[in-house]
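See below for the structure under consideration.
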Amino acid sequence: MIGPSVSIEEVKSTLPTQTAAKELAAALVEKRLAACVQIVGPITSIYGWRGELNCDEEFCVVCKTTPARLSQLIDYVRSHHPYEVPEILTTRVQASSEYASWLFEQVESSATESK
């Protein structure tokens, strides 16, 4: 039984276009590596790359998954991301038991189905 607060994982990344963000988000949810992916943007990112200052429009994806599926989600993002060095940030957060139950059902049920 899930208690009042449960640990889940949030994974954040940025992509160059809304289309790329939607494609990655859809694949992660369809493969049940994430229960939900939110797309935020456009955002402006200012960063240094190869000795130059860059200012680009990007779209941020925030993926919610279980601790058990985190490494698979990260591997998928790495192998399907258009950037040479993709931003992949993970944060363990606390979720309400109701939300966590839904999230685990969405993600974990596929882990047992695919075995």
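Nothing in this text is a laboratory measurement; each read-out follows from the coordinates by a stated rule. Everything quoted here is computed from the prediction, not taken from an experiment. Cβ coordinates were reconstructed from backbone atoms using ideal geometry, including for glycine residues, and neighbour counts include every protein chain displayed.
Axis of helix 18-30 versus longest Cα principal axis of the chain: the two differ by about 20°, to the nearest ten degrees.
If the Kirkwood radius is taken over C-alpha pairs of the chain, then at 10 °C and 1.306 mPa s the Stokes-Einstein diffusion coefficient equals 107 µm²/s.
Cβ crowding within 10 Å ranks CYS55, CYS60 as CYS55, CYS60, fewest other Cβ atoms first. Working from Cα positions, state the angle (0 to 90°, nearest 10) between the long axis of helix 70-80 and the longest principal axis of the chain. Approximately 30 degrees, to the nearest ten. The long axis of helix 97-113 is offset from the longest Cα principal axis of the chain by roughly 90 degrees.
Once the other residues with Cβ under 14 Å from the Cβ of THR19 are scored (Lys, Arg +1; Asp, Glu -1), what is the net sum?
Details: positive: LYS22; negative: GLU23, GLU57, GLU58.
Once all neighbours under 14 Å are counted, the net charge is -2.
For segment 5-113, averaging the sequence separation of C-alpha pairs within contact (under 8 Å, six or more residues apart) and dividing by the residue count gives a relative contact order of 42 percent.
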